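Taken together, the values in this text are just the output of simple stated rules run on the coordinates, not laboratory data. Every value quoted in this text rests on a predicted model; they were computed, and no experiment measured them. FYI the Cβ positions are ideal-geometry reconstructions off the backbone, even for glycines, and counts take in every protein chain you see.
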């Protein structure tokens with residue numbers, strides 16, 4: 001536990017040094033302030049969009065139309081594909097965060113289930129990515145990492161070919 005406090009202290013100290021640097025600290029503080037202001041304006045605009053969208057969709061829900069939660073009908077048929085409205089995304093993120101926090105108060109098996117489900121819901125609400133999109137991003141990242149490792153001479157080549165060659169030689173040796 002003391003190591004975590006030490007690392008946190010080092011991080012805070014490095015951040016303060018970076019911002020309080022006598023040569024370029026003023027410029028860095030101004031850039032940081034401008035970025036924070038811009039992010040606050042974007043968050044406020046997003047909140048207004050969600051509020052307006054939520055009011056319109058609440059009227060649709062009141063009339064009994066559950067398809068108003070999705071931007072298209074495909075999101076209701078396959079909920080893990082993305083394509084949710086801003087209102088549905090806000091609800092998913094809120095419910096997911098609540099499930100995660102509730103999971104923290106539970107014991108082992110239930111805590112893991114609630115926490116995982118909560119984080120998955122919150123991630124879906126925050127990113128609006130479907131399972132296919134996540135798989136594609138993971139595959140792309142894996143290929144990029146393999147390419148970088150190959151260019152650095154780490155794991156120089158495809159290791160699965162070595163195993164295939166061994167598998168091909170095994171039947172011959174058995175004969």
Computed over the range 1-64, the Cα gyration tensor eigenvalues, each multiplied by 5 and square-rooted, give semi-axes in Å (largest first) of 43, 20, 4
Could you line up 26, 57 from fewest to most neighbouring Cβ atoms inside 10 Å?
-> 26, 57
Residue 146-residue 28 FRET efficiency (beta carbon distance; Förster radius 45 Å; 0.05 resolution) = 0.80
Most exposed first by the Cβ proxy, i.e. fewest other Cβ within 10 Å, how do 18, 5 rank?
-> 5, 18
